[in-house]
Amino acid sequence: MDINIAPLLKQPLGTRLDLEVAESPIDPRGDNAGLLDASIVDIDAKFHATHTNPGPFFEGAADAHVAATCARCLKPIDAPVHADFAEQYYATIPVDTGVAVIAAPADAKTIGSDFTVDVTDLLREELILATPLAPLCREDCAGLCPVCGEDRNERPHAHDETTDARWSALQGLKDLTEK
């Protein structure tokens with residue numbers, strides 16, 4: 001979703017603009033379709049932009065659900081994700097004169113001559129960073145059986161343990177110490 005921040009930059013320093021992005025489910029042809037690239041299926045974000053000296057400063061929070069796979073049982077899940085964020089953007093061209101000013105730092109996010117900020121990119125980045133590396137369907141997920149591959153949540157079971165012959169000498173030592 002592109003936000004024109006030119007009106008904000010024409011206001012005095014410290015002026016705030018409150019923003020909200022809420023969509024459930026995300027429309028693949030809508031303004032927030034870029035969130036689908038990160039498997040985000042819905043979003044509810046509240047944030048504000050503040051006019052600062054280098055440009056707008058965005059801060060707020062976003063809640064979303066990410067389509068993921070349980071790391072233990074491999075079932076598809078919707079993982080809830082929360083991200084608090086703060087990001088400074090640099091206006092390299094003043095909104096009133098249109099003449100280039102100082103250069104922004106090399107790794108900074110800048111605003112072009114159209115004075116728009118795509119908040120979809122900002123939200124996608126922050127939510128990707130907040131997404132768990134190994135999401136679980138539930139905390140006590142038993143996962144898949146390493147022997148037969150069955151889901152141990154649906155059918156708890158155990159297999160007879162076979163001992164590797166290479167460890168038999170150590171098993172003999174264990175038997176001696178237990179006597």
For segment 116-131, check the following and say yes or no: at least one residue is in a loop (DSSP other than H, G, I, E, B) and either surrounded by fewer than 17 Cβ atoms within 10 Å (Cβ to Cβ) or within 16 Å of the chain's Cα centre (by Cα) (or both).
yes
Among (1) in a strand (DSSP E or B); (2) exposed (fewer than 12 other Cβ atoms within 10 Å of the Cβ), there is one condition Ala61 misses while meeting the rest; what is its number?
(2)
Looking only at residues in segment 111-138 that are modelled with pLDDT of 85 or more and of a type in the set (Ser, Thr, Tyr), which one is farthest from Cys70 (Cα to Cα)?
Thr116
Quick check on Ala100: is it at pLDDT below 85, farther than 30 Å from Asn32 by Cα and exposed (fewer than 10 other Cβ atoms within 10 Å of the Cβ)?
no
Kindly establish whether Glu150 is closer than 30 Å to Val66 by Cβ and either touching a strand residue (DSSP E or B) at 6+ places or on another chain (Cβ under 8 Å) or at pLDDT below 85 (or both).
yes
What is the residue count in segment 1-48 for residues that are free of Cβ contacts under 8 Å to residues at least 60 places away in the same chain and touching a Pro at 6+ places or on another chain (Cβ under 9 Å)?
5
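The values are calculated or read from the model by the stated rules, or taken from the named source; none is laboratory data. The structure displayed is predicted, hence computed values, not measured ones. Note that each Cβ is placed from the backbone with ideal geometry, even for glycine, and that neighbours are counted across all protein chains shown.
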